[in-house]
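The values are calculated or read from the model by the stated rules, or taken from the named source; none is laboratory data. Values in this document were obtained by computation on a predicted structure and should not be read as measured data. Using ideal geometry, Cβ is built from the backbone for each residue, glycine included, and neighbour counts are taken over all protein chains shown. What goes into the accessible areas is simple: the full protein's heavy atoms, side chains included, and nothing from ligands, DNA or RNA. Shrake-Rupley method; radii C 1.70, N 1.55, O 1.52, S 1.80 Å.
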Amino acid sequence: MQNEITITRPDDFHLHLRDGEIMKFILAHTAKVFARAIVMPNLKPPVVSLKNVLEYKERIIKNIPPNCDFEPLMTIYLTENHTPDDIEEFAKSGIVKALKLYPNSATTNSQHGISDFDKIIPVLETMAKFKIPLLIHGESVESNIDVFDREKRFIDNILNKKLMKIDNLKIVLEHITTKEAVNFVLENDIAATITPQHLLMNRNAIFDGGINPHNYCLPVLKREIHRKALLEAIKNPCKKFFLGTDSAPHPKNAKESSCGCAGIYSAFAALQLYAEAFEEAGALDNFENFCSKNGADYYGLPHNKKTVTLIRENWTAPSEFKVNSDVSIIPIRAQKEIKWRIK
Ligand code: DOR
Ligand code: ZN
């Protein structure tokens, strides 16, 4: 049994850093382990312009704890109002690493997202021209679609029929959750991120002993056969799958509400949780590629120089993180055991 794992410092290719006090608090967790992160733009209001993204990046950089080298990789929230000229501006800026596509009203702060996918074709063609990746929240949201089928329906109806028709568009299907998504990624020229929660939990976790709002995220956790398909995917030596935590903190009262919001906070122990999943999958030999190489290669970034070491040692995740006297965040695995620790 392996008791110590040393890998090149990893990157998180899907992270919600939020803003203000919460950002300041959680950024320390990510920056302690991860060298870079693709930062999601679904703020309120969303990050839609070069001005927004420059200002947001500056706020992040100001809050990086001293002695941490951490680089935020910035994204823009794609709307139906963007034009091909905007895309050219983003691409030439050097600061915008990707655009994020939210189907309208699919998830937290997605009400500025896309309803008419035909409308954005010229913008996507310009993205292809400038080789700027499109990061997709892949869920169809029509009210007649079962919530557990949303990813599959998006793949069939939008991704395959519309988005894949654009030549040379770089696509990352974010936080994949189903065997259909794994197969689609393997069969097509696209990449995907996978979260720790979708590797470690199935949908029973939402209802374990009662309703568990802290295990609710979008795309929602799926059946065990889909979790197993994800565990198979991370074993695959192809370079298409990489680390993206989708760590998405919300204040405790917003989760524990009559209409609790989606998002699981994992950044405080993300790498340790991935190690558990890789061990379960028998895939530890692919751990470094997934965490530290595949994503960097996809985005054309150099591999990080330093290393990080995990040791096998049980510890108990905190019951909550107190951001201030009013706001606390309940993390994934709260008050439960985590099997690996950062050395
Ligand atoms: O669970 C989620 N939370 N899924 C998303 O797509 C968004 C995220 C958030 O921003 O809270
Ligand atoms: Zn997300």
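What does the charge dipole of the range 79-232 about its Cα centre add up to, to the nearest 20 debye, if the Cβ of each Lys and Arg holds +1 and the Cβ of each Asp and Glu holds -1?
Numbers: 19 positive and 22 negative charges, 75 e Å.
Using Cβ point charges on Lys, Arg, Asp and Glu, the range 79-232 gives about 360 debye.
Could you size up the charge dipole of the range 32-129 around its Cα centre, putting +1 on the beta carbon of Lys and Arg and -1 on that of Asp and Glu, and report it in debye to the nearest 20?
Values: 12 positive and 12 negative charges, 100 e Å.
So the magnitude is around 480 debye.
Can you pull the one-decimal nm distance between simple spin-label points at Ile95 and Lys62, each 7 Å off the Cα toward Cβ?
1.4 nm
Add -39500 (n - 2.57) for each DSSP H run of 4 or more in the chain, then divide by its residues: what number comes out at 222 nm, to the nearest 500 deg cm²/dmol? All intermediate terms of the calculation are to be shown ahead of the outcome.
Values: 11 runs with 97 residues, N = 343.
Value at 222 nm, helices only, nearest 500: -8000 deg cm²/dmol.
Between Glu55 and Asn3, how high is the FRET efficiency from 1/(1 + (r/R0)^6) when r is the Cβ-Cβ distance and R₀ = 56 Å? Nearest 0.05. The partial results should precede the final answer.
Details: r = 45 Å, r/R0 = 0.80.
Given R0 = 56 Å and the Cβ-Cβ separation, E is 0.80.
Taking 0.36 nm per residue of sequence separation and subtracting the Cα-Cα distance, how much length would be gained by fully extending the chain between Lys305 and Lys32, in nm to one decimal?
On the way: separation 273, 0.36 × 273 = 98.28 nm, distance 1.47 nm.
Fully extending the segment from Lys305 to Lys32 adds 96.8 nm.
At 20 angstrom or more along the helix axis (alpha-carbon based) and mean Kyte-Doolittle of 0.5 or higher, what helices does the chain contain? Whole DSSP H runs only. Display every interim value, and only then the final one.
Values: long enough: 20-33 (21 Å, 0.69).
In the chain, the long hydrophobic H runs are 20-33.
Please report, in debye to the nearest 20, how large the charge dipole of the range 195-343 is about its Cα centre when each Lys and Arg carries +1 at its beta carbon and each Asp and Glu carries -1 there. Numbers along the way, then the final one.
Numbers: 20 positive and 15 negative charges, 44 e Å.
I would put it at about 220 debye.
Would the range 56-176 count as rounded, prolate or oblate if I go by the C-alpha gyration tensor, calling it rounded below 1.5 in a/c and otherwise prolate when a/b exceeds b/c, oblate otherwise?
The shape class here is oblate.
If I take R0 = 30 Å and measure r between the Cβ atoms of Asn253 and Ala205 in this structure, what FRET efficiency does the formula 1/(1 + (r/R0)^6) give, to the nearest 0.05?
Working: r = 21 Å, r/R0 = 0.71.
According to the calculation, E is roughly 0.90.
What longest range of the chain stays clear of loop-exposed GluC sites (Glu not before Pro) (DSSP non-H/G/I/E/B, at most 16 other C-beta within 10 angstrom)? List each step's numbers first, then the result.
On the way: sites that count: Glu80, Glu142, Glu256, Glu320.
It works out to 143-255.
Under the 0.36 nm per residue contour assumption, what length would be gained going from the current alpha-carbon distance of Ala334 and Ser115 to full extension? Let's see the in-between values first.
Working: separation 219, 0.36 × 219 = 78.84 nm, distance 3.66 nm.
Gain on stretching Ala334 to Ser115: 75.2 nm.
When Rg is the radius of gyration of the Cα atoms in the range 237-343 and Rh is its Kirkwood radius, what does Rg/Rh come to?
Dividing the radius of gyration by the Kirkwood radius yields 1.03.
Over the chain, what is the relative contact order in percent, taking alpha-carbon pairs closer than 8 angstrom and at least six residues apart? Present the calculation step by step, with values, prior to reporting the outcome.
On the way: 683 pairs, mean separation 62.4, N = 343.
Relative contact order comes out at 18 percent.
Mean shadow of the range 1-103, computed from the convex hull of its alpha carbons, in nm²?
Working: hull surface 34.3 nm².
Directional mean of the projected Cα hull area for the range 1-103 stands at 8.6 nm².
Quote the relative contact order of the range 35-193 in percent (integer), defining contacts as alpha-carbon pairs under 8 Å separated by 6+ residues.
Details: 254 pairs, mean separation 29.2, N = 159.
Taking the mean separation of contacting Cα pairs over the length of the range 35-193, I get 18 percent.
What nm distance separates the two modelled labels at Leu284 and Val147, each placed 7 Å from Cα along Cα→Cβ?
3.7 nm
Pull up all non-local amide H partners of Glu313: gap of 5 or more, or a different chain, and H-to-H distance under 5 Å with H placed in the peptide plane.
Trp340, Arg341
Can you find, among Tyr77, Val141, Leu173, the residue sitting farthest towards the positive end of the charge dipole of the range 76-176, where Lys and Arg contribute +1 and Asp and Glu -1 at Cβ?
Result: Leu173.
State the percent of C-alpha pairs, over all pairs in the chain, separated by a distance greater than 26 angstrom. Kindly include the intermediate steps, with their values, before the conclusion.
On the way: 26222 of 58653 pairs.
Pairs farther apart than 26 Å: 45 percent.
At a 1.4 Å probe, what is the % contribution of carbon and sulfur to the accessible area of the range 11-169?
48 percent
Using alpha carbons only, how many angstrom separate the centre of the range 122-165 from the centre of the range 44-103?
The two parts, judged by their Cα centres, are 21 Å apart.
How many angstrom lie between the Cα centre of the range 185-264 and the Cα centre of the range 327-343?
If you average the Cα positions of each part, the centres end up 16 Å apart.
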